[in-house]
1. Take the solvent-accessible surface of the protein heavy atoms, probe 1.4 Å, and return the percent of it on segment 67-176 that carbon and sulfur atoms account for.
2. Heavy-atom accessible area per residue, the chain, 1.4 Å probe: how many Å²?
3. Protein chains only, probe 1.4 Å: how do 43, 10, 16, 84 rank by accessible area, largest first?
4. Explain nothing, just the number: relative contact order of the chain, from Cα pairs under 8 Å at least 6 residues apart, as a whole percent.
5. Suppose we look only past 26 Å in the calculated P(r) of the chain. What percent of the Cα-Cα pairs does that tail hold?
Amino acid sequence: FQTNSAGAEKLYGIVKDFAGNVQEKTVFDLYCGTGTIGQIMAKAGSKKVIGIELVAEAAEAANENAKRNGLENCNFIAGDVLQKVDELEDAPDLIIVDPPRDGIHPKAIGKIIGFGAPEIIYVSCLPTSLARDLQVFQETGYEVKRVRLMDMFPHTVHVEAIVLLQKAEEPQDMDK
């Protein structure tokens, strides 16, 4: 949960801007916490939002908040992203990841990439883990399209980074 609620609102606005039109899209919200980003996507018209969060109480709160807000197009699952992504049957149009400071587990990042989502939005609070994970995404065909920094805690060294990744277009075969 973000302790700077005014800053969090701006942060989530950046994520929504990067996501663009999510009408009729299936969105995965991985490392979703209490599901705020996923609920923003659901309210914006996503066909379906599936969130995964390690902390069971946070996933329960996310589902309760969605219910209170009348959002029937989202579901939040308690468990480790590394394991729970194997249970997802939907094909995502957009994946949003907001991992802990250590970044995405090396095995989980491969599974996330395996979905082949056209777009991924990565929210990071630690530049070193972000740089490591972005390298993996880029090596597997994703391109960094937009980056924006958000100073969540002024007068400190901490900054949130929001990155939009897009799956690179397959090169056209010029012989055809």
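The values are calculated or read from the model by the stated rules, or taken from the named source; none is laboratory data. Not measured: the values here are computed from a predicted model. Areas reflect the complete protein model, heavy atoms only, side chains present, ligands, DNA and RNA absent. Shrake-Rupley method; radii C 1.70, N 1.55, O 1.52, S 1.80 Å.
1. Looking at segment 67-176 in its full context, I get 50 percent from C and S.
2. 55
3. On the way: 43 170, 10 135, 16 100, 84 50 Å².
So the residues, ranked largest to smallest area, are 43, 10, 16, 84.
4. 19
5. 25
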